[in-house]
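As structure tokens, the structure follows; a few thoughts come after it.
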Amino acid sequence: MSTEFNGDSKIRCRYCGQLNKLAGGKGEATCGRCRLPLSDEPHKKFANLKAETYIHPYDVQALKTLKMIPGIDSILKKLLEVTHEAYMRVLFNANSVKVGPDQYPDLDAKLDVVCCTLGVAKPDLYVSVTNPFGGGGLGFNAFTGGVEKPFIVVFAPLIERLTDQEVFAVLGHEVGHIHAQHLLYKVAAELLMFLTHTALGFSPLAAVATLITMPIQMALLNWYHKAELSCDRAGLLVTQDPSVIVSTMMKLAGGNLTSKVNYEAFIDQARQFQKNYEEKWLDKIWTMIAAGGMSHPFPVWRVSEILEWVDEGGYKKVMDEQD
Ligand SMILES: [Zn+2]
Ligand SMILES: [Zn+2]
């Protein structure tokens with residue numbers, strides 16, 4: 001959804017509002033501030049978007065199951081108390097570059113647009129080369145933490161591999177976690193995955209970890225993965241272009257070799273995905289994903305879910321009916 005502009009004229013960026021002067025010459029023009037493509041198509045900003053309108057039904061169901069566990073909130077709060085979120089913040093602050101108007105200004109501008117679109121207070125944003133939690137791999141591409149004061153970390157390889165619009169989509173997904181109020185359970189699930197890979201010894205965490213029984217772990221991780229589907233929808237509500245979500249996922253699935261990956265074939269693969277698996281099988285796979293401690297569910301699956309939401313009219317309904 002980009003437009004070519006020729007000749008000398010001015011155009012206001014539909015995303016960030018910057019007035020851009022267009023020099024002559026052909027080619028795709030991008031905004032000088034947020035670096036997103038210039039176009040005369042409108043970009044909707046929601047004044048009062050309700051999370052219930054886009055939350056994926058799997059997320060709703062899994063959260064219901066999780067909340068049915070007696071005492072779950074107090075157990076998770078205990079877990080978060082001993083791993084005070086300031087610690088995580090310090091860890092990232094010491095390892096990362098903090099984004100602002102003078103540091104990665106285009107990322108800062110994109111974050112402004114995302115927050116303005118979803119109606120969320122702007123969190124701190126960091127760019128990090130290393131992941132202090134050692135997650136590794138492309139799965140760990142971006143991260144939202146903090147319950148009291150949320151912050152987002154984007155890992156540098158992601159920015160290097162994705163286009164500006166795709167980075168915008170990833171930020172939309174991450175801010176979606178804040179908008180959908182996922183953070184208490186999300187941070188708890190991430191701590192839990194971290195704990196399962198860490199020798200706790202006699203640390204205060206060890207005592208709390210024993211409270212997190214297997215049923216709690218399974219319910220928490222099961223919800224954690226399904227919540228991703230809701231945030232992919234938030235990412236779509238921000239980019240307002242399904243093809244950007246698909247190409248982002250394609251890169252996450254296919255790694256660097258994007259020039260050799262066929263976009264249409266990938267969409268076909270995603271559309272076929274759900275048809276090939278019956279519901280009860282899908283549920284078993286979800287359980288395996290949770291048990292395996294993956295940070296994000298399979299990208300092909302996520303694409304198939306987002307395409308279905310578009311095809312069924314769910315996306316259009318939110319765009320048309322929410323102010
Ligand atoms: Zn702009
Ligand atoms: Zn996520």
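We did not get these values from a lab; they are worked out from the coordinates using the rules stated. This is a predicted model, so every value here is computed, not measured.
For the range 46-101, what class follows from the C-alpha gyration tensor (a ≥ b ≥ c being the square roots of its eigenvalues): rounded when a/c is under 1.5, otherwise prolate if a/b is larger than b/c, else oblate?
oblate
Please work out how much length the chain gains when fully extended from GLU264 to THR65, using 0.36 nm per residue of separation minus the C-alpha to C-alpha distance, in nm with one decimal.
So the extension gain works out to 67.9 nm.
Could you pull out every residue, at least 5 positions away or on a different chain, whose amide H is within less than 5 Å of the one on LEU125? Hs are placed 1.01 Å off N in the peptide plane, and Pro or chain starts have none.
Excluding prolines and chain starts, which carry no amide H, the hits are VAL99, ILE152.
On a straight-distance basis, which aspartates and glutamates could pair with LYS317 in a cross-link, Cα separation under 14 angstrom, same-chain partners fewer than 8 positions away excluded?
Output for LYS317: GLU52, GLU308.
Extension gain LYS21-GLN103, at 0.36 nm per residue separation less the Cα-Cα distance, in nm?
27.2 nm
Taking θ as phi - 60°, what are the ³J(HN,Hα) couplings along the range 222-236 by the Karplus curve (6.51, -1.76, 1.60), each to the nearest whole Hz, with x for Gly and Pro?
4, 5, 3, 6, 6, 4, 4, 5, 5, 6, 4, 5, 4, x, 5
Could you work out how much longer the chain between MET214 and SER9 gets when fully extended? Use 0.36 nm per residue separation minus the Cα distance between them, nm to one decimal.
Length gained between MET214 and SER9: 67.6 nm.
Which of the three applies to the range 140-180, rounded, prolate or oblate, going by the alpha-carbon gyration tensor with a ≥ b ≥ c and a/c under 1.5 meaning rounded?
Here the range 140-180 falls in the oblate category.
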